[in-house]
Amino acid sequence: ARGNEAKIGQLNPLTRYGAPSEIAHAGLFLASDDASYVNGQAIAVDGGLSSSHPVVRRR
């Protein structure tokens, strides 16, 4: 596990782990009436990781 947090910062554009509440909010949205017209979608709650190239910051 040593060094994993720094690796997340290199890969994820938001440079941090997602909070459990952020994942829960996406699920609550899908379960709510606000998402009544949403169907057949894969919603990535990953801080932009799946829509970007790895970000490597210079030291």
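Could you look through the range 2-37, keep only residues that are part of a loop (DSSP other than H, G, I, E, B) and of a type in the set (Gly, Ala, Ser), and pick out the one that is modelled with the lowest pLDDT? Filtering the range 2-37 for residues that are part of a loop (DSSP other than H, G, I, E, B) and of a type in the set (Gly, Ala, Ser), the one modelled with the lowest pLDDT comes out as 3. Residues that are at pLDDT 85 or above, in a loop (DSSP other than H, G, I, E, B) and touching a helix residue (DSSP H, G or I) at 6+ places or on another chain (Cβ under 7 Å): does the range 44-53 have at least one? Yes - at least one qualifying residue is present in the range 44-53.
The values are calculated or read from the model by the stated rules, or taken from the named source; none is laboratory data. Worth saying up front: this structure is predicted, and the values here are computed from it rather than measured. In this analysis, Cβ positions are derived from the backbone assuming ideal geometry, glycine residues included, and neighbour counts consider all displayed protein chains.
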